[in-house]
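Written below as structure tokens is the structure these notes are about.
The values are calculated or read from the model by the stated rules, or taken from the named source; none is laboratory data. Note that the structure is a prediction, hence the values are computed from the model and not measured. Here the Cβ is made from the backbone with ideal geometry for all residues, glycine too, and neighbour counts use every protein chain on show.
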Amino acid sequence: MTATENEATTQGARPAIRCSFCQKPTSEVKKMVAGPGVYICDVCVALCVDIIAREPKEPSKVPKTGWEERLSDDELLALPRYQCSDLFDDREKAALDYTVAVMRTPVEVTDELFERMKEHFSDKQMVEITALLTVVNLDRFNAAFGIGSAGFSDGMVCVLPDRPAEIASPG
């Protein structure tokens, strides 16, 4: 929690909700999915899905690369409960668990999780997934210097979810 967020919390205001992956606040994205202690914007969701979609689930099937291969509305809504949802297979659940663990501060990738990932992904894929996740996390560099969005994609990428009244109107 930053000093400003800590100060806001002690004065009764809620700290800004940020994507646990790219650290963008809800004010800079259009859609934020909430889970138990984790938030993810749909840009980060799309990145995870693209990574998973690059490898066919069955050797004879080549994944599509367009929008049709991304998460369905049902899958997007199930993301906060992906671990117990039958909409995601073991490979996707492992990738989502890994994504959450890599994006936490400090990183929480256990040996067990790493072995689960290796059951589903090659060494090359593991390097690519990890590299892409850390590139997404470069936003923390800008945040540390107080550099905000340049506005190039304002209103064009993420969609904010309907928010409960207690979150939507702090105070």
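What the table below lists for this structure:
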item: Where a residue in the range 89-101 is of a type in the set (S, T, N, Q) and its partner, wherever it lies, is outside any helix (DSSP H, G or I), with Cβ under 8 Å and at least six apart; result: Thr99/Phe21
item: Residue selected from the range 52-89 under the condition in contact with a helix residue (DSSP H, G or I) (Cβ under 6 Å, 6 or more places away or on another chain) and part of a loop (DSSP other than H, G, I, E, B), by the criterion modelled with the lowest pLDDT; result: Pro63
